[in-house]
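First the structure, in the form of structure tokens, and then the observations on it.
The values are calculated or read from the model by the stated rules, or taken from the named source; none is laboratory data. The structure displayed is predicted, hence computed values, not measured ones. Backbone-built Cβ (ideal geometry, glycine too); neighbour counts: all protein chains shown. The protein model used for the area step is the full one, side chains on, heavy atoms only, and it has no ligands, DNA or RNA in it. Shrake-Rupley method; radii C 1.70, N 1.55, O 1.52, S 1.80 Å.
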Amino acid sequence: MADVKTVFINGVEYPFDAGQTVIQVAHENGLDVPHYCYHPGLSIAGNCRICMVEVEGDAKPQVSCKLECAPPPWVSEPLRIQTESELAKSARAGTMEMLLVNHPLDCPICDQAGECHLQDYSYQLGQGQASSSTAKTKLPKNVAFGEKIVYDAERCIKCTLCVRFCEEVTETNELNLGGRGDEEIVIMSSKGEFETDYSMNIIDICPVGALTSRDFRFKSRLWFMDFADSVCTGCARGCNVITGGRNGSMMRMEPRHNADVNQWWMCDQGRLDYRYVNTPTRIATPRIKTADGVWAAATVDDAILAAAAALKAAGGNVLVDGGCTLEEMHLAQQLAAALGGKATYAAATGEADGFLRVAEQGANAAGAELLGLARATKAGAAAVLVVERDANVPQALRDGADAVVVFATDADHVPASAQVVFPFGSSAERDGLFVNTDGRVQVAQRNPGIGPDNLTPPYELLEEILGELDAGYDWHGRDGIVAAIQAQPAFAKISLPAAQATAEVGATS
Amino acid sequence: MTAKKKAAAKKASTKKASAKKAAAPAKVVRAADGSYPETRILSANFGVKDSWTLPVAKKNGAYKSLEKAIKTMTPAEVIDEVKTSRVRGRGGAGFPTGVKWGFVPTDTDKAKYLVLNADESEPGTFKDRFLMELDPHLVLEGCLLCAYATGLDVIYIYVRGEYPLSIARLEGAIEEAREAGLLGKDILGKKGFNVEAHVHPGAGAYICGEETGMLESLEGKRGHPRIKPPFPAVEGAFGCPTVINNVETLAHVPSIIEHGGAWFGDLGIAPDPDNPRAMGSAGTKLMGLSGDIKTPGCWEFEFGITVRELIEQYGGGALDGRTIKAVIPGGLSMPVLTADELDVPMGFDALVKVGSGLGTATAIVMDDACDMVEACENIAHFFADESCGQCTPCREGCHWMEKIFTRIKAGDGTPADLDLLEHLFVNIEGRTICALADAAVWPLRSILRKFRHEFLAKMPGHADPHAADAKASDAAAPVGAK
Amino acid sequence: MSTANAAAGQSADRGTAQPPTPVSFPPKEIKKQCDGIVTRYPTRMAACLPVLHVAQKHYGGWISPEVEAGVAEYLGVSDSHIRGLLTFYAMFNSKPSGRHEVWVCRTLTCWLRGAVQLRSTALEKAGVEACGVESPDGKFLVKNMECLGLCEEAPAVFIDGQPHVNVTPEKLSELLDACE
Amino acid sequence: MTVTVKPVRRRKASFLDRLYLPAIAKGLSITFMRMFKPKVTMQFPEERWTVRDEYRGMPVLVSDDEGRPKCVACSLCEFVCPPKAIFIVPDELEAGNNVERGPAVFDLNMLRCIYCGLCEEACPEEAIFMSKNYLVWGAEREDMIFHKDKLYELGGVREEGVKKWKDK
């Protein structure tokens, strides 16, 4: 067998690894080859035919997703591929036309609009005018695939990504193909509900609007939303996600590829967990309890002074939510030192599911341990309490802390003992570092479209309070805080990303 | 006895047995009067009473070749003999069988399978049914020879569900063979030659005749063809090396072993020494005729008989008062021949040369009473109905073509529709996983090009001004062949 | 028949209805046959087609959702896999098939020899408008089949799995009249 | 460029001019002539102008020939609206409606609207039209935010145009 290790794509020579197909090499090198049924995490079906390319010397175009870069054994020359030749383009345009023959063209009501590959490629390859004037095939619409997913067979291009996902990733086989020819549709097991908790991933991998989320259904058009790269704080796995929101509401969370953490996936529980962010009892502005026991809205500056005054009088411990960032936990430690107490973190324990979800629920529990925070196992006194969500800091811990200064997202989570309350952002609204269960440091970024306006970052509030306590703490800013953490011996072997770093940066201990 | 069986037996019994399988028939030449005689090698036992039972088959020489191979030949010698015979696949593609067997790896720990393609769903094709119903032991012997040559373990005979009698006869033959020690462990006393055979019934899907679709169906899935490579010889049924052959192909193997590959290669049409792609058409072939002719049926000839001879000498010619308009020479999926193009010999290369193909060598004849637009609609409906739905151009394109033909038939078509069809042909042919879409395009495109005037005649105000001339010369109408 | 229809009704809107209770499959009449089929293949899934043939014959010509679930359990596959097969292969029925199943070949050769008239005759006899629908009296299910492979004796019709060839409309009428 | 100044000589007023009587006569003759010509004053609001086809009045929502609301809440008008006068909250509609999606809230702030017509241009459903209605008033600022029901009432039924959900 000839030993060929390179492939020519559009005249440029690229090396490849054994077993790689043309589309993989093309994508690795930044070439845009359209695809629907190809997904790097699933087996190759080659049925959508949109990724066809020209192989020089071959009259027939071939699908690049299944075309191995290694030439057949009897050929000793590297393959020469053209992705933008007349043949390749006309083959793809022809496929595009076929895909749209029976497509309902209901983009105005389709949630996928804006992130739909049919839209993208028809903009690239399609023609303005439809060649077909015949009636379109009618297929089932608005079919429930369990409680979370809606299937529209008319929009479906039968790429079988969802079927393959349930077969290969979750191995639960709920989905299958039914019918034949142009009446082929995806059908679901008669149990009517997914056994797997990873079903909503099929919505993400569906290249068109055939599978949409019941939760996100018709909530917002994509182009109104703000997106940010973040980390799921549902458990300590720290799945990489993209948060989406608009006008202060969080609307969805989608997994972001990270080969070392969550690959392309995330669990439904984590995905739908965001709803606590939109609670009607969100705290938007700082509040101070007046002498007659009534809550009054206050400016940030007044609240900081009031908090410092209250803490000077009380002193004591600090209890933080296990879902706080590394920066917040570090400052909590400083604050506790200034108050003459100790900082502890609270986190729940759930059940691992054997795939992504781990038992540890505190998203930054590993970070807390590195910083040297002890885990709060039972209720104990703490002057400062930071509550992001009920799950990690349940009522018993909150009430037992007898705290005077409270940082909380939800007014319902503020214990009666509180004197000053600061609004706390949810995980989608705060910048910061998280250390996941494997010791990997990850960056979460604030999504400006989510949460109350003008939310002061908690680390700034904590620094201001520390400053007011006359404990000799200087303003560091986020870079300074990260540098201070980095200087600790426990972080000697871990390199923390700079505060401005993009979310892609991450280091493993 | 079922009506079908009776009819088949009757048809077979009317034929004169011109050659006994035992004696090697001499090279056939066209008779002095120009007629083309049958050469009955495969069909030698057709018409013999109870030819499907083991005692009768044994009397007529069944399993002698198997015995010969096992006792006197190595597996490699069997493959060489088949290679020498130049026998090509009889299912339509015409791939050299010996070469295919040679691809099966010999150094593998995996089980190896033979899947016998008896899913004869190609419209107009019924030749394998005759073999399975009238000589199942010949088929089984061929399978066993293949098993011996390639060292495989299990034979699955994938018979289409619409052939209940074939299924029953094959199951009966397997049962008889098992009892006679021709299946199972240490066959005919050969240590380590263990083969099992099972009939696997299909359930009504044309696509399962495609070899990889058949493998999927055999594995209990929907018959969605696989992308090749990997080829079945390396990774086939259940992920193991698999040989897939047509019934008729393997039925040839016993006589090849008995008389030698060279004898078989001498029959039929020799390869063209100047053209490496013209591999010749060795041996005999079951050929069939159906449609608008007096006596449809199935006969065995050496390759070389022309389509016209077949129709006139055996098919009895056109029905009274009608003239033949078009012939699809091999199953539904081959380009059509017009009445003027019928003097071409039935053979793999000769038919390709005139822009058609041998396919399954069972021709469908259409006469002047046939409306070609409606015929196209019928053909397009078949492929639309049988498209598995896996890949886009076929799933959407076949239905789209059908809709256009329906529109033209209803009188709502315009010449732009014909251009649109040509555009679709380009976007469908060669753009799919398997050849079903190609098979849909070939007959439709050839009919559209050769009988364009009939389409234009259905378009009010758009009739071809030269329609009269075109009709007069009919087939002489310019053919924009491929 | 009424129970069968009720079962079909249950399966009609599968989206909201309770999942069907699987029958215990295989019933003892066909247990030996089914177990025998399963041993022929290296995987249980491969036995799907032959087992479904046996099941369809046993359960009166069609596979109800309950049988479908039973077969799925027996072969260790998802019931959507079985439904995928039932809707892919033309010979399987997932709706009641009537006491007699009539297949009329519609492909080119039979069409040339008059299959269209045969279909109208069969539909008229069954008293239905279109193929694939059980006749109101539950007697016939007429199916428009692609090539049945009896082209040399076209046009061809199958009645309850038995082939009839060179059929004329008159002959078909007689054949259908002879059905109980 | 050089600027050249060309002085215009003014004619000196004659005696007749200075008398002003001819001018008065001329002016009165116009007045008298008008008395015998048709009246042009319109008794607004009882009488109204018929406006030209291309006139862009207040944007309104229309229903199809079966009286079903046409808007599917695709929010393209909201996106395209330069002064951000449109606010939509989409909602899922029950079966039996024109289509599965429609606006739960469709607010049009007429204090912001600049009558540019981009909403009509952008609408893929032909559901929003620049009407001929130029009579937009309100006593309060809130009155000038037109809600969905009011907009449909103003728009009425429009039979022509796309009906792509008709057989869905």
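Some observations on this one:
- Summarised in one figure, the compactness ratio Rg/Rh of region C:24-174, Cα atoms and Kirkwood Rh, is 1.03.
- Reach of D:Lys26 by Cα under 30 Å, taken over lysines that are not fewer than 8 positions away in the same chain: D:Lys12, D:Lys37, D:Lys39
- Max mean-square fluctuation residue, GNM over chain D, Cα-Cα springs under 10 Å, options D:Thr31, D:Thr50, D:Thr41: D:Thr31
- Dipole of region A:339-420, positive direction: furthest Cα of A:Val405, A:Ala348, A:Leu371, with charges on the beta-carbon: A:Leu371
- Within the accessible surface of region A:6-99, defined with a 1.4 Å probe on protein heavy atoms only, the carbon and sulfur portion equals 50 percent.
- Candidates D:Ile88, D:Ala104, D:Tyr134 compared by Cα position along the dipole of region D:59-155: farthest toward the positive end lies D:Tyr134, with charges placed on Cβ.
- Length gained on full extension, B:Leu319 to B:Val99: 74.9 nm, using 0.36 nm per residue less the C-alpha separation.
- Listed cross-link partners C:Lys95/C:Lys143; B:Lys71/B:Lys100; B:Lys58/B:Lys191; A:Lys342/A:Lys378; A:Lys138/B:Lys458; A:Lys5/A:Lys66 are compared with a 20 Å cut-off, the Cα-Cα value being larger for B:Lys71/B:Lys100; B:Lys58/B:Lys191; A:Lys138/B:Lys458.
- Lys, Arg +1 and Asp, Glu -1 on Cβ, resulting dipole of region A:287-508 about Cα centre, debye, nearest 20: 500
- Lys pairs, region D:59-155 - Cα-Cα below 18 angstrom, 8 or more residues apart or on other chains: 4
- Applying a threshold of 18 Å to the alpha-carbon distances of A:Lys89/A:Lys158; A:Lys141/D:Lys164; A:Lys136/D:Lys164 flags A:Lys89/A:Lys158 as lying beyond it.
- Rg and Dmax [Cα atoms of region A:287-508; Å; Rg one decimal, Dmax integer]: 16.6, 53
- Taking amide H as placed 1.01 Å from N in the peptide plane, the amide H of A:Asp410 sits under 5 Å from that of A:Ile283, each at least 5 places away or on another chain.
- Equivalent ellipsoid semi-axes, the protein assembly as shown, via Cα gyration tensor eigenvalues times 5, rooted, Å: 70, 46, 30
- Where B meets A: accessible area buried, both sides, 1.4 Å probe, Å²: 2700
- Each label point was placed 7 Å from the Cα along the Cα-to-Cβ direction; for D:Phe44 and A:Trp295 their separation is 5.3 nm.
- The B-C contact accounts for roughly 3900 square angstrom of buried accessible surface, both chains included, probe 1.4 angstrom.
- The modelled label-to-label distance for the pair A:Thr456/A:Glu351, using points 7 Å beyond Cα in the direction of Cβ, is 4.3 nm.
- Share of Cα-Cα pairs in chain B lying beyond 27 Å, as whole percent: 55
- Using the Cβ-Cβ distance between A:Ser133 and D:Val80 with R0 = 51 Å, the FRET efficiency computed as 1/(1 + (r/R0)^6) comes to roughly 0.95.
- Taking a Cβ cut-off of under 13 Å around C:Gly98, the surrounding Lys, Arg, Asp and Glu residues balance to a net charge of 0, with basic ones at +1 and acidic ones at -1.
- Taking the Cα centre of region A:6-99 as origin and assigning +1 to Lys and Arg Cβ atoms and -1 to Asp and Glu Cβ atoms, the resulting dipole is close to 300 debye.
- Total charge dipole magnitude, region D:67-168, about the Cα centre, Cβ charges on Lys, Arg, Asp, Glu only, Debye to nearest 20: 200
- For A:Cys239, distant residues with modelled amide H under 5 Å away: A:Cys232
- Shielding value for B:159-171 is 3, the average number of Cβ atoms from other chains within 10 Å of each residue's Cβ.
- Per-residue 3J(HN,Hα) values for region A:171-181, derived from phi via the Karplus relation 6.51 cos²θ - 1.76 cosθ + 1.60 with θ = phi - 60°, read 6, 10, 6, 6, 9, 7, 8, x, x, 8, x Hz in sequence order (x marks Gly and Pro).
- Applied to region A:110-123, the Karplus parametrisation 6.51 cos²θ - 1.76 cosθ + 1.60 on θ = phi - 60° returns per-residue 3J(HN,Hα) values of 9, 5, 6, 3, x, 9, 9, 5, 4, 5, 4, 6, 6, 5 Hz, with x for Gly and Pro.
- Evaluating 6.51 cos²θ - 1.76 cosθ + 1.60 at θ = phi - 60° for every residue in region C:114-130, the Karplus couplings come out as x, 5, 5, 5, 4, 5, 4, 4, 5, 5, 5, 4, 6, x, 10, 8, 10 Hz, glycine and proline recorded as x.
- Rounded to two decimals, the Cα radius of gyration of chain A over 2.2 N^0.38 Å is 1.14.
- With the alpha-carbon atoms of region A:6-99 aligned to their principal axes, the span from lowest to highest coordinate is 36, 30, 25 Å, starting with the largest.
- Stokes-Einstein D in µm²/s, Kirkwood radius over Cα pairs - region D:59-155 at 25 °C with 0.890 mPa s viscosity: 182
- The mean sequence distance of close C-alpha pairs (under 8 Å, at least 6 residues apart), as a share of the length of chain A, puts its relative contact order at 11 percent.
- With N counted as the residues of region A:71-110, its alpha-carbon radius of gyration over 2.2 N^0.38 Å works out to 1.93.
- Amide H contacts of B:Val115 (H built 1.01 Å from N, under 5 Å, at least 5 apart or other chain): B:Tyr156, B:Val243, B:Ile244, B:Asn245
- Our summary gives region B:287-372 a relative contact order of 36 percent, counting only alpha carbon pairs under 8 angstrom and 6 or more residues apart.
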